[in-house]
Amino acid sequence: MKIEAITLRELEMPLVHFFETSFGRTYTRRVFLISVHCDGITGWGECVASENPYYSSEWIEAAWPTIKHFLAPAVLGHTLATAQESASLMAKVRGHRMAKAAIENAIWDAEAKQTQQPLWKLLGGTLREIPCGVSIGIQDSIEQLLDKIQTELAAGYRRIKVKVKPGWDLHVLERIRSRWPEIVLSCDANSAYTLDQIEHLRKFDQFNLLMIEQPLWDDDIYNHSRLQPKLRTAICLDESIHHARDAAQAIETGACRIINIKVGRVGGFTEAKKVHDVCAAHNIPVWCGGMLESGIGRAHNIALSTLKNFSLPGDVSASKRYWKEDLIDPEVEVTPQGTIVVRDEPGTGYRVREDLIEKLTIRKETLRASGK
Ligand code: OSB
Ligand code: MG
């Protein structure tokens, strides 16, 4: 695959419903798409960086010039035997994993299309149907949250995850559990607590949660290893895991019992597979996290979720939960059993709606190989 050109695009896409975490509320996604052009094929990727540097230090305004000035030039003009090779070409750039993942994953998509196979197969996946959960943000009232949970349970989702923060936690979980004593329930704090709050965090144990996600600092593993033995509830790390070494350290120190893999957070499919493998080797179950993706990133999450150790329901859910109209055809749909059936066409199996993308694009730039 000769990487001939890379196109960067920003789209503005309002969410069907706002999404609120412990660090803030999002109404509209600035969707950052990458397309990689090689040998007459176009591969698509999505840079999942947010509108602000709150979930992680990456955000869209930083990702754009990093891709333009460093990451795209690192791969443009090169002829690659496999998409995986792009990861080493971009390795000298430190951090910027979501930016790297957008390019690498677009090249994986191109490779799958060129070799006429489904992306999930190219990634080494085996599951044909993936279990789905939903992540439900902080709402204006508990009643509104309970209504949302009711809707998602009726749709068949197999795990409900709610966002928590100090002031929106124990009384909320109490209300959920008293209405639904048996459902699979977890919560995500997005780093809203500190180690001083161990006694408070121990109170989460009474709700029989599948996990508590990222209770402490986003850059921390050590303090989670001090917290985990004090809780009955399994800790799941999200923000803290940037690569397979982080995963190995978190497992070795007992900082968590579950890991959330987001392909953007770890820098692309190559590293995501390594994180998966480290966890599998230590019997640590993983699940696929989400970043409010458009259909392009969503389709990649589905492909990744076919790897065998993705044994817990992920935050990969139907397009219509986020978008009035998604960028892919068909849209991602979830069965009444709360699963997504994996598609068998070459690439992601979802056609990219270039006409709609063009219509929603507010910024676009194409970079070409220069004489390499
Ligand atoms: O922590 O998993 C998270 C969304 C944005 C930033 C961080 C997170 C999330 C979600 C949403 O929980 C998952 C999704 O439905 O895409
Ligand atoms: Mg999370």
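The values are calculated or read from the model by the stated rules, or taken from the named source; none is laboratory data. Nothing here was measured: the structure is a model prediction, and the numbers come from that model. Positions of Cβ are backbone-derived with ideal geometry, glycine not excepted, and every protein chain shown enters the neighbour counts. These accessible areas exclude ligands, DNA and RNA; they are computed on the full protein's heavy atoms, side chains included. Shrake-Rupley method; radii C 1.70, N 1.55, O 1.52, S 1.80 Å.
A few comments on the model shown:
- Folded to 0 to 90 degrees: helix 295-304 orientation relative to the chain principal axis, Cα: 80
- The largest accessible area among Phe204, Phe19 belongs to the first residue in Phe19, Phe204, and the rest follow in falling order (1.4 Å probe, all chains).
- With the cut-off at under 14 Å, measuring from each backbone N in segment 329-372 to a point 7 Å along the Cα-to-Cβ line of Thr28 picks out 360-363.
- Residues of type lysines that Lys203 reaches as a straight line, Cα spacing below 22 Å, ignoring anything fewer than 8 places off in the same chain: Lys161, Lys163, Lys165, Lys230
- Here Val16 sits with roughly 90 square angstrom of accessible surface, probe radius 1.4 Å.
- Whole-number Å³ per residue for the convex hull built on Cα positions in segment 1-119: 108
- For GluC sites (Glu not before Pro), the sites in segment 151-245 that DSSP calls loop and that have at most 16 other Cβ atoms within 10 Å are Glu182.
- Restriction of the trypsin sites (Lys or Arg not before Pro) in segment 101-166 to DSSP coil positions whose beta-carbon has at most 13 other beta-carbons within 10 angstrom yields Arg128.
- Taking segment 263-323 and dividing mean pair separation by its residue count, relative contact order in percent (alpha carbons under 8 Å, at least six apart): 36
- Relative contact order for segment 136-178, counting Cα pairs under 8 Å that sit 6 or more residues apart, in percent: 45
- Remark: segment 239-372 carries a charge dipole of roughly 260 debye about the Cα centre, counting +1 on each Lys and Arg Cβ and -1 on each Asp and Glu Cβ.
- Sorting Phe269, Phe18 on solvent-accessible area from highest to lowest, probe radius 1.4 Å, gives Phe18, Phe269.
- Size of charge dipole - the chain - debye, nearest 20, with Cβ of Lys, Arg +1 and Asp, Glu -1, no other charges: 400
- Pairs from Lys262/Lys320; Lys68/Lys359; Lys2/Lys320 whose Cα-Cα separation, in the structure shown, is over 30 Å: Lys2/Lys320
- A convex hull fitted to the Cα coordinates of segment 214-372 yields 172 cubic angstrom per residue.
- Subtracting the Cα-Cα distance of Glu61 and Glu354 from 0.36 nm times their residue separation leaves 103.2 nm of extension gain.
- Taking the charge dipole of the chain about its Cα centre, with +1 at Lys and Arg Cβ atoms and -1 at Asp and Glu Cβ atoms, the residue from Gly156, Ile130, Gly167 reaching farthest to the positive side is Ile130.
- For the chain, the relative contact order is 23 percent, taking Cα pairs closer than 8 Å that sit 6 or more residues apart in sequence and dividing their mean separation by the residue count.
- Loop trypsin sites (Lys or Arg not before Pro), segment 196-262, which have at most 13 other Cβ atoms in a 10 Å radius of their Cβ (DSSP): Arg232
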